[in-house]
Every structure is written in structure tokens, then in C-alpha cells.
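The values are calculated or read from the model by the stated rules, or taken from the named source; none is laboratory data. Predicted, not measured: the structure shown is a model, and the values here were computed from it. Virtual Cβ from ideal backbone geometry, glycine too; neighbours counted across all protein chains shown.
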Amino acid sequence: MYTTELKDKNQKSAPVTTVAEDTVKLAAFEARVAADDFIEPKDWMPEAYRKTLVRQISQHAHSEIVGMLPEGNWITRAPSLRRKAVLLAKVQDEGGHGLYLYAAAETLGTSRDEMIEALHSGRAKYSTIFNYPTLTWADIGAIGWLVDGAAILNQVPLQRTSYGPYARAMVRICKEESFHQRQGYEIMMALSAGSPEQKRMAQNALDRWWWPSLMMFGPPDENSPNTAQSVRWRIKRETNDELRQKFVDVTVPQAEAIGLSVPDPKLAWNEARGSYDFGEIDWDEFYAVVRGEGPVAKERVKARVEAWESGAWVREAANAHAAKRAHRAAAE
Amino acid sequence: MTKEWPLWEVFVRAKNGLAHKHVGSVHAADDRMAIEAARDTYTRRMEGVSLWVVRSAEIVASDPGEGAALFEPAADKVYRHPTFYSIPENVKNI
Amino acid sequence: MADALSNYALQLGDDSLILGQRLSEWCGHAPMLEVDLSLANIALDLVGQATFFLKFAGEARGVDADKLAFHRDVLDFKNCLLVEQPNGDFAQTIARQFLFANWQELLFRELSRSRNEMLAAIAAKAVKEVAYHARFANEWMARLGDGTAESRERIVNGLEWVWRFGDELFAVEQTVEPLIASGVAPDVRTLRAEWDARIARTLGEATLELPKPRRAVVGGRIGHHSEHLGHILSAMQFLPRAYPGAQW
């Protein structure tokens, strides 16, 4: 799933710099990246590159894991056996995506435990979108359609990101992601073609998830000072605003095709640009959610912390058992 | 904090005749759990006939290695594939 | 006979459905991400099995699997009591899985020889999945039983919780008898010794004692369920019941 380089509005926007590094190595590194080559775990890389990647990849991983919660909320209440099975498969995929990404981040020298600790303490972020509640079944449709849709737009170009393990994880993820979006859209289609209550449920979900989905693409380009460096290093392939515009252009016709209306009075096709004009995002809301004040942010973190803490005895038991077996094997 | 489960690298052979590919890693406390975690994570879409897991600490080479272990994938989860869903022709980009 | 066959398929389907439902509750809450995936994987297999069995059960009644899953009340559910037990902590979940998956593996092995082609086909496919479920449960029994003092205490408690529901797995509900006679259903009574041996072997590896024999709690096969099933169905069936006739 998607995440951005999430920064507090008030944080200093200084680029990530470190102590003096070998300028020859840096030049060679920049040349390789510019030539579309891949950087692998053992290669030399600037500290800033490593740090940015660890943050970006781990936040992406956290997003997948936290993302299991709003959808997991509806597995037991899915309204048909098929929907239940598909949702289980999707959430399982999301867990898997989190695993691929944690694995990629670990190649950069951070451990899973460190990353989890960062998430639970609030130092590490996850995609803002998962701080919103799934109150109806239609929300599950909206998430698949809009949130996975947004994720796909971000992830497809990242298949050629410069860091090898991240690129390979993205290739795997992209193969699996389009099923997620189609699953969600199909739910919306069924609701839109259903009873008045179902239509209402679908429209209501779109009303609540539209703007948070636009916020997934992060702050406007003018407030993203690290974009230039990230683009040069191929950690970011397109800018926030570029992707956001693409999302709007692609998604509005999909809404129209099923008779739903996007909750934006300023939405209008601009013939000259060949794109949709759309309204201003509520940036106060965006930054509040980034700060950890989203509607169900507390619930999400609490759930993850509780799962981790209440599972400590299980992890310990597995370690203890493995040690006993190893000991016994050595003694033979 | 509990001691972390060790990290294992996972290698999958997609089908006989092909080489094993390094696909990522999992955390597991022991080798049996590592195989199962690898299977549950990396072969959900019939991607493998063969799985190897190796403790990351044992890996010496800097390039992806080779390996294999047998596993039977489930062949019926066709709803994971985009083609399972019917989306009308007039709806684009999905 | 068609009724008995349909009823038998309900027993099989409801077992898988209710256990799949219980395991789904773990999603996002397991002790480790890898374990979350394993549990979701097992749940998905079970929901798949349930879909096949309920579809088959529905054919004799002119209804589809969803109608059966979402529109029967407690008295008409035929799952065993074991699968509706609460997840509890991870140990209780594993204990439930341990008893059930080992039984289901033996059952499907035999059922794949059924004279009824559809049941045989469903079982033949499912037995591979369930072999993995049993393996998963058996390995975790060993890790928890022979892990730390805390895990040992928890798994002992978990086994204590579920043990009273083991005997029901080997009871034959009367409408199934003619199906056994005609080679459609396996006689689960004949599987008891093998199951006992498997259970004992794994408990031994886990350095755990066999729980004491106790009075069996039964009734699931005739719709006399524990208090848990009503709550499970309230959640599971809410949407189709709140919006009758709706397509999803």
C-alpha cells in the first residue's frame, strides 16, 4: 500500500545530510543511479540515501500491516462466502506485502524489532488513510477501489526504483495489487446496482473516503523539499501532485460509470489541460492526521501494540523451544 | 524486549527447469516455522514447487543463492487474479 | 437419503465455516506477522471447504451456499461444539486447532474414498490443505508445551478448555448411519484409535500429559450448541439478514 515521506508541517525541511563522505564514491553512486542501474545491499550508498529508504520502506511496510485492521474489521461480517474468502485473501496479501517490505528494509541494516518499536512509539508513520474507520461494508469496497487504486499509481513506477530489494518487492506487490482494486470496485458496482439502502451506503462511503484518498499522495509539491533529491536518486519517480492528478483523472470516470458522484463541487473537466480541475484539500486535516490525530489513530496503534505485547510470551516460547532443540541436537 | 526470531532468506523455484530465486526473508524461531512462513508468504499464487530457507547469518555470498524445498501449492485461488473479476469494458484503468 | 446426505454435508460444511470464522478473528492481532499470515491462510482454506460443502448441501434443497450460511439459526447449524469455542489466547486457539485438524485430516483421508463423487473430490482437495493445518498445530503444540513455563501453563489450560469436546468428533449422529452403510460417509468411530495415537505422540513431543478423561459435552450435530454460536451468527449473518434479498 501507499505511503509518502510523511513530515510534520512544522518540521525543518533540511535535506538529510551526514558527515563528509567520499566524494568519488558519491559521484560514482549518482552516476549509476542516473544510468538506471540498481543499488544492492552490499553497495556503497550515501547515508542520506540509506536513511531515506529505511524510513520510506518501513513506513510503507507499517501501512500494509496497519491496513489489515480496517479491512480485518469486516471479514467476520462479509455478506457472502465469496466476499469473505476474497477479503481474507486480500488481507493476507497485505500482511505478505508488509513482510516483503520489512524484508527489504532489513537489508539496509535496521531490524524488524526496531521498526516495530518505532511504529508503536509513534516515531514511525504509516499511511494517513488507515486512520479512518470502516463503519459499513461499503467502506471495504471504497478502500479496495480508492486506496488500492492510489497505491497502484504510486507503486507501478517504483518497480524501477533504484534500490534493488525495494524494486523487487514492488514488482511482487504490483502483481498482486490489481486484484485488490478490482475486488473493491466490484463491491461498489454491486452496491450501486442494488437497493436504495445499498446505493446510499456506497455513495456515503465515497463521500467519506474521497478526500482522505487524495491526501494519501502527501503534501503539495511546494511543501515537499526532499522531492528533488528523491527523484534524482530514483526513490521517488513522480511528484505528489503529478500522482494525485493522475488518480483524479483515472478515478472520476470509474465513479461515473457506476452512478456515484465525487464529493467535490469544484470538480470539473478542463479541456485545455486534458485533466480534471479539483477542489482544495483540507491541509489542516492532513497535517493533523500526520501528527497522529486521525479519527481512529489511537485505535490502530493500540491494536498493534496489544497484538505485539500480548504475543510476547508466544515469541519467547518459540525461541525457548528452538534453543532446546538446538541444544539437544548438539548433544547428540 | 523478547529476543527477536532469527531472519531467514527464502528461495523459491517456480517450476522444475527454472533456477531458484531469492524472493525475500521471513522471521521464524526454527527451521520448520521458517519453511511454513516462507510458504505462506511467498507461494500464495502457485509460485513455487520448491522452497529453501536459510538463516540470513549463514549467507556468505553477496548474490542471490540457490535452493529448494518441496511444497504443494493450492491451485484454486483464482480470485487472486484480476481476470476473475468482471468489470465492464467501458470502465478504464482497472 | 437425499436429506441425510444433505444433512451430512451440512455437518462438514458448518465445521469448516465456523472454524474459519473463528480464525478470521485473529486477523491483524496475531503474535507475529508471519503467524497472522498462517492463520489467515488456514481460515481461507476452511472458508473454501465450507463453500463447497454448503453448495453441495444446498443442491438437495434448492438453495445456494450463501442461503445456508447466512439464513439458518442456531438449531439448524450442525457443526461440532469444538469449532465454536472462543479463540481465547493463542494457546487455546492452538489447542482447538490441534484436536480438530488432526481429526479432519483423518476424516478427509477416508472421505476422499467416498462413493459420492462430489464429497470424495472435495475431500481429496481438502486433505492436502488440512495436512498442513495439522502440521502447523502439532508444531505449535511442541513449541508451547516445551517452551517456557508460561507457555506450558497456557497450553495446559487451553487443552483443559477444549478436551471435553473431543469425543463428539467420534460420535455418529443417527442420520449418518445409513450413509456409512452405503459407503458415502466414513465411520468416524474407526478413526478414534489413530487419532488418539497422533494426539498422544504430539503431546509426548510437547512434554505434556494427556488430559484426564471427563464427561463429553455433545450436541452440535443436532443443533444443541453452546452459547457461543449465537454470537458468532449474529456477527456473521447481520448484513444479509438486515437487508433481505440484497445482492452483494
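Might you let me know whether the range A:222-239 holds any residue that is at pLDDT 95 or above, buried (at least 19 other Cβ atoms within 10 Å of the Cβ) and of a type outside the set (Phe, Trp, Tyr)? Steps first, please.
Of the residues in the range A:222-239, the ones at pLDDT 95 or above are none.
No.
Filter the range A:34-79 for residues that are among the aromatic types (Phe, Trp, Tyr) and either more than 14 Å from chain C (Cβ to nearest Cβ) or in contact with a Gly (Cβ under 6 Å, 6 or more places away or on another chain) (or both); which is farthest from residue A:111 (Cα to Cα)?
So, considering only residues that are among the aromatic types (Phe, Trp, Tyr) and either more than 14 Å from chain C (Cβ to nearest Cβ) or in contact with a Gly (Cβ under 6 Å, 6 or more places away or on another chain) (or both), the one farthest from residue A:111 (Cα to Cα) is A:38.
Of everything in the range C:201-239 that's surrounded by 13 or more Cβ atoms within 10 Å (Cβ to Cβ) and under 24 Å from residue C:142 (Cα atoms), which residue is farthest from the other protein chains (Cβ to nearest Cβ)?
Filtering the range C:201-239 for residues that are surrounded by 13 or more Cβ atoms within 10 Å (Cβ to Cβ) and under 24 Å from residue C:142 (Cα atoms), the one farthest from the other protein chains (Cβ to nearest Cβ) comes out as C:211.
Across the range C:24-61, what is the number of residues that are part of a loop (DSSP other than H, G, I, E, B), at pLDDT 95 or above and more than 7 Å from every other protein chain (Cβ to nearest Cβ)?
Final tally of qualifying residues: 1.
Name every residue in the range A:134-184 that is among the aliphatic types (A, V, I, L, M), more than 12 Å from chain B (Cβ to nearest Cβ), closer than 25 Å to residue A:256 by Cα and surrounded by fewer than 24 Cβ atoms within 10 Å (Cβ to Cβ), in order of residue number.
Across the range A:134-184, the qualifying residue is only A:135.
If I go through the range C:182-200 residue by residue, how many of them are under 16 Å from residue C:9 (Cα atoms) and either hydrophobic (A, V, I, L, M, F, W, C) or touching a Ser or Thr at 6+ places or on another chain (Cβ under 6 Å) (or both)?
3
Tell me which residues, restricted to the range A:71-98, are part of a loop (DSSP other than H, G, I, E, B) and either touching a His at 6+ places or on another chain (Cβ under 9 Å) or in contact (Cβ under 8 Å) with a residue 24 or more places away in the chain (or both).
Passing the criteria: A:73, A:74, A:77, A:78, A:79.
Taking the range A:99-126 only, how many residues are out of contact with any His (no Cβ under 8 Å at 6 or more places or on another chain), outside any helix (DSSP H, G or I) and either of a type in the set (D, E, K, R) or in contact (Cβ under 8 Å) with a residue 24 or more places away in the chain (or both)?
Matching residues across the range A:99-126 total 6.
Which ones in the range C:133-166 are touching a Lys or Arg at 6+ places or on another chain (Cβ under 7 Å), buried (at least 19 other Cβ atoms within 10 Å of the Cβ) and in a loop (DSSP other than H, G, I, E, B)?
Selection gives C:146 alone.
Just give me the residues in the range B:36-83 being modelled with pLDDT of 75 or more, closer than 16 Å to residue A:176 by Cα and more than 9 Å from every other protein chain (Cβ to nearest Cβ), in sequence order.
The one that is modelled with pLDDT of 75 or more, closer than 16 Å to residue A:176 by Cα and more than 9 Å from every other protein chain (Cβ to nearest Cβ): B:43.
Considering the range A:301-332 alone, what residues qualify as being of a type in the set (Lys, Arg) and in contact (Cβ under 8 Å) with a residue 12 or more places away in the chain?
Listed by number, the list holds a single entry, A:304.
Tell me the residue from C:193, C:242, C:197 that is free of Cβ contacts under 8 Å to residues at least 12 places away in the same chain, of a type in the set (A, V, I, L, M, F, W, C), exposed (fewer than 14 other Cβ atoms within 10 Å of the Cβ) and under 30 Å from residue A:137 (Cβ atoms), please.
Sole residue among the options that is free of Cβ contacts under 8 Å to residues at least 12 places away in the same chain, of a type in the set (A, V, I, L, M, F, W, C), exposed (fewer than 14 other Cβ atoms within 10 Å of the Cβ) and under 30 Å from residue A:137 (Cβ atoms): C:242.
Give the residues of the range B:1-35 that are assigned to a helix (DSSP H, G or I), more than 8 Å from chain A (Cβ to nearest Cβ) and surrounded by 24 or more Cβ atoms within 10 Å (Cβ to Cβ), sorted by residue number.
B:34 - this is the single residue of the range B:1-35 that is assigned to a helix (DSSP H, G or I), more than 8 Å from chain A (Cβ to nearest Cβ) and surrounded by 24 or more Cβ atoms within 10 Å (Cβ to Cβ).
Among the residues of the range C:111-124, count how many are part of a helix (DSSP H, G or I) and surrounded by fewer than 18 Cβ atoms within 10 Å (Cβ to Cβ).
So the first thing to find is which residues in the range C:111-124 are part of a helix (DSSP H, G or I), and the list is C:111, C:117-124.
Filter again for surrounded by fewer than 18 Cβ atoms within 10 Å (Cβ to Cβ), leaving C:117-118, C:120-121, C:124.
Summing the residues that are part of a helix (DSSP H, G or I) and surrounded by fewer than 18 Cβ atoms within 10 Å (Cβ to Cβ) in the range C:111-124 gives 5.
Results for (1) within 29 Å of residue A:129 (Cβ to Cβ); (2) surrounded by fewer than 19 Cβ atoms within 10 Å (Cβ to Cβ); (3) within 10 Å of another protein chain (Cβ to nearest Cβ), shown as yes or no for each residue.
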site	(1), (2), (3)
A:290	yes, no, no
A:293	yes, yes, no
A:299	yes, yes, no
A:307	yes, no, yes
A:311	yes, no, yes
A:329	no, yes, no
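Working only within the range C:138-183, note down all residues that are free of Cβ contacts under 8 Å to residues at least 12 places away in the same chain and more than 14 Å from chain A (Cβ to nearest Cβ).
C:174, C:177, C:180, C:181
Restricting the search to the range C:213-248, which residues are farther than 21 Å from residue C:80 by Cβ and part of a loop (DSSP other than H, G, I, E, B)?
Scanning the range C:213-248 gives C:243, C:244, C:245, C:246, C:247, C:248.
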